[in-house]
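The structure appears below as structure tokens.
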Amino acid sequence: MTDHHTGQRTRWLIPLLVVACGVAVGNVYFPQAVVPLAATGLGVSPGTAAGVVTATQFGYSAGIFLLVPLGDRLPPRPLLVTLLTVTGLGLAAAAAAPALPALLAASVLVGAATVVGPLAGPLAAGLVPAGRRGVVGGTLLSGSLAGMLLSRTAGGALGDRLGWRAPYVLAAVLTLAVALLLSRTLPRLTPPTRQSYPRLLAAPLRLLRTEPDLRRSAFYQATVFAGFSAVWTGVALLLAGPVYGLGAAAVGLLALVNAVTMVVTPYAGRLVDRRGADVVNLGCFLLVAASAGVLALGSLGGGPGLLCLVAGTLLLDVGMQSGMVANQVRIYALGADVRSRLNTAYMTCAYLGGSLGSWLGARAYAGWGWPGVCALTAVLTALGLVRHLRARTGIRTPGTRIRTPGRNPYDGSRPDVTVR
């Protein structure tokens, strides 16, 4: 998104985008709470019904890759309003689904269209001065976290009372209401590029190849998010196993600890604005590394072990989410006209890391139990930390590009300097 920041506009636009992010992200996560109810209602096994969650997340990943680059090609108001409208209609179709195949198809559509969060970040970055991008990014992330947590809680409670279709109806109403609100309040902005759609899709790969700061930001988030996903995959097995003997509800209660992160992320954004993204990244790596040690004590069981799980997951989530703010501020500074494509490359790498972390976490738990999961998280964090320390000490490999201050790297105004 091109920069269009004015003080008056952002006073009401940023809170509105926070609400839009929360509603959109909630559409991805509330199905996790209603899968058992949907299984009963549709007459299928819970394992089969769990495909609804997978279908939604698959659609979301596809939407990030296929639709988020359009943020640099299309005006934000019609793009966001159209995507939210399609999402609302998809949720309505899911609520009316007569059988599981129809629900799965609607879930893919909902996931693909509800990519408002990855589009809102670049838009907001262009609406505020550079010195406020950290705090605004943290505020948007807080909205996304609120949507994640509240959607699970509200979806489960409403589903228990009115059946599994009710949460889909509520989500459809909220999504369409946000679409209507955005259609009346978002300003008319000019898109920064007229490139063809195939070139837009190719751009994230090209940017990963040419932008060192994008590569390292993506690597940082991929390693930390992989450790985060490994922990949350393994902790469900730990709590349900012989050490604790608790049910799935215990995982949901443990996840509520993440609510603290909604307060922390805006503070992390302010710290990025004052001290820079690299300083915050270093602190985040240290927090995640510390969380691995604290989480390992969760294998003790009982009250002390559970307390260590609470403290460890809190440290882990604060570190991961604060790192997200720092990384996005860094990549948004690379070019105002390509922020959506930069975010596409970044988010795709982050989600690939998270998927790999879940896969490795399950296998680490099967082979070495909970200590193996914590060791895996520590190793993944160490990979990111070593890369970060190399960047901070100025170690460069041949072919690394050095950005000239003030240069727009996409208009050809000033050539890059290459280390030979």
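Values for this structure:
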quantity	calculated
Any hit, segment 167-190, residues being polar (S, T, N, Q), assigned to a helix (DSSP H, G or I) and farther than 27 Å from T348 by Cα	yes
Counted residues, segment 26-44 - those being part of a loop (DSSP other than H, G, I, E, B) and either of a type in the set (D, E, K, R) or more than 28 Å from L140 (Cβ to Cβ) (or both)	2
Cross-chain or 6+ apart pairs with Cβ under 6 Å, segment 319-341 first and under 23 Å from R209 (Cβ atoms), then among the aromatic types (F, W, Y) and part of a helix (DSSP H, G or I)	N327/Y220; I331/Y346; R339/Y332
Boolean, V110 is at pLDDT below 80 and either crowded, with 22+ Cβ neighbours inside 10 Å or of a type in the set (G, A, S) (or both)	no
G305 vs. criteria within 30 Å of A240 (Cα to Cα), under 17 Å from the mean Cα position of the chain (by Cα) and not in a loop (DSSP other than H, G, I, E, B)	no
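Results for (1) over 22 Å from the mean Cα position of the chain (by Cα); (2) closer than 18 Å to L13 by Cα; (3) of a type in the set (G, A, S), shown as yes or no for each residue.
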{"site": "T139", "(1), (2), (3)": "no, yes, no"}
{"site": "G143", "(1), (2), (3)": "no, yes, yes"}
{"site": "S151", "(1), (2), (3)": "no, no, yes"}
{"site": "G159", "(1), (2), (3)": "yes, no, yes"}
{"site": "W164", "(1), (2), (3)": "yes, no, no"}
{"site": "A172", "(1), (2), (3)": "no, no, yes"}
{"site": "A177", "(1), (2), (3)": "yes, yes, yes"}
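The values are calculated or read from the model by the stated rules, or taken from the named source; none is laboratory data. Just so we're clear, the structure is a prediction, and the values are computed from it rather than from any experiment. Ideal geometry is used to build each Cβ from the backbone, glycine not excepted, and the neighbour counts take in all protein chains shown.
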